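Note sheet for the following structure.
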Amino acid sequence: MSSPALSTDQADAEMHRLLAALGAARDEIGRAVLGQERIIEDLMIGLIAGGHVLLEGPPGVGKTLLVRTLAQATGLSFSRVQFTPDLMPADITGSMVLVPDTSGRNMLEFQRGAIFTQLLLADEINRATPRTQSALLEAMQERTVSAAGQTMKLPEPFFVLATQNPLEMDGTYILPEAQIDRFLLQLDVPLPTAETLSAILDSTTGTAETITEQHLSPEDIIAVQALVRSVPLADHVRRAIANFAISTQPAAANATADVKRYLRFGLSPRGAQALVLAAKGHALLNGRFAVSFDDVKAMLLATTRHRVHLNFEGRADGVSLENLLGKLLDTSIKGVL
């Protein structure tokens, strides 16, 4: 039998419980990962919006700790794959192996790989070859894995958090455009300030051990993901996002001179969808059940920095992609007001 529908009061109480649990989980992660409040918030937005997140930053800034702490605070099953140049696709998805049956004869059986989890850490993803990176494509888009002649569903919720070293570092490969477009957000993890680093040294080089408490369950996350999609989006906000996405296309009829001159390609429809979902997640995480232009602006760079690229001339002239996209969004907003 299906459970009875919740009354309005029960639904409101459940929503407030979920929002309180989200806030508690965010604070819990902040206790273990110091000085990264904005990164933690954006990571939580990616989680509740149902999207994958790419973390970029130099080694040693706490990217892996951040992901592990997120798994502990949310109760998600966790697997980690260390990407290396010799990693093969089957090392991620799984492979056929010979196992003895009850009669002692060997038979082929599919042994599931690390991807069959709720939270997958793809550590240093750009150290593996593009062939291995592409093993994640189906899983990230369809939440399934096709192997051994069958298609298998992944656990729910399924969330890929990938870390990436800066591309100028030795031994890295550029992520294929089809792969990077599957990430809802790309977050740049900065180096800590001197004050924050002092606090980190104090908390990590002594005898005290930080224990992360669980504040959410996988079922809670699935419920919040449905709640995010129900957040209203006003027509004028939706039109502004659509106009903005079109304005980033160099081939568009109304493209500005700077867009035609400096952008290699603009924001795809999937990118516009990501901006909408991220803005809804930002509004909900901040206790509001409606999307404003401030929510869109807050999530603009995280949803577009890996999808909209400068061409050679733009990089040579030192064009700021952030400033260019900000101006295009402002123009689109003014156009609908």
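The values are calculated or read from the model by the stated rules, or taken from the named source; none is laboratory data. What you see is a predicted model, and the numbers here were worked out from it, not measured in a lab. Every residue, glycine among them, receives a Cβ derived from its backbone with ideal geometry; neighbour counts consider all protein chains shown. We work out accessible area using only protein heavy atoms, side chains counted, and drop any ligands, DNA or RNA first. Shrake-Rupley method; radii C 1.70, N 1.55, O 1.52, S 1.80 Å.
Quick look at the values:
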{"item": "Inter-probe distance in nm under a simple model that places probes 7 Å from Cα toward Cβ, at A251 and M107", "result": "5.3"}
{"item": "Sites R261 and T129 - FRET efficiency at Förster radius 22 Å, r taken between beta-carbons, to 0.05", "result": "0.05"}
{"item": "Extension gain from H236 to A316, taking 0.36 nm per residue of separation minus the Cα-Cα distance", "result": "25.2 nm"}
{"item": "Whole-number accessible area per residue in Å² for the chain, which is evaluated in the context of all protein chains at 1.4 Å", "result": "50"}
{"item": "Prolate/oblate/rounded label for the range 109-230 (Cα gyration tensor, a/c 1.5)", "result": "oblate"}
{"item": "Once exposed loop GluC sites (Glu not before Pro) are cut out (DSSP; at most 10 other Cβ, 10 Å), longest piece of the chain", "result": "1-167"}
{"item": "Amide proton proximity set for Q249, modelled H, under 5 Å, gap of 5+", "result": "L267"}
{"item": "Net lengthening on full extension, R80/T8 (0.36 nm per residue, minus Cα-Cα)", "result": "21.8 nm"}
{"item": "When each of K280/K334; K63/K327; K63/K297 is checked by Cα-Cα distance, pairs over 29 Å", "result": "K63/K327"}
{"item": "Dipole-positive endmost among N243, Q273, G326 within the range 231-335 (Cβ charges, Cα centre)", "result": "Q273"}
{"item": "Chain lengthening between A20 and V97 when straightened (0.36 nm per residue, less Cα-Cα)", "result": "23.2 nm"}
{"item": "At R0 = 51 Å, FRET efficiency that the Cβ-Cβ distance of L191 and E219 yields, to 0.05", "result": "0.85"}
{"item": "Two-site label geometry, R270 and E209: point separation in nm, points 7 Å out along Cα→Cβ", "result": "4.1"}
{"item": "Per-pair calculated FRET efficiency, R0 = 56 Å: K153 and N323 via Cβ, rounded to 0.05", "result": "0.85"}
{"item": "Phi-based couplings in Hz for the range 272-286 (Karplus 6.51, -1.76, 1.60; Gly and Pro marked x)", "result": "5, 4, 4, 5, 5, 5, 5, 5, 5, x, 5, 4, 5, 5, 9"}
{"item": "The chain: C-alpha gyration tensor shape, a/c 1.5 cut-off, then a/b vs b/c", "result": "rounded"}
{"item": "Simple Cβ-charge dipole of the range 231-335, Lys/Arg +1 and Asp/Glu -1, about Cα centre, in debye nearest 20", "result": "200"}
{"item": "Global form of the range 217-321, assessed from the alpha-carbon gyration tensor, a/c cut-off 1.5", "result": "prolate"}
{"item": "Excluding exposed DSSP-loop trypsin sites (Lys or Arg not before Pro) (at most 16 other C-beta within 10 Å), longest clean stretch of the chain", "result": "144-287"}
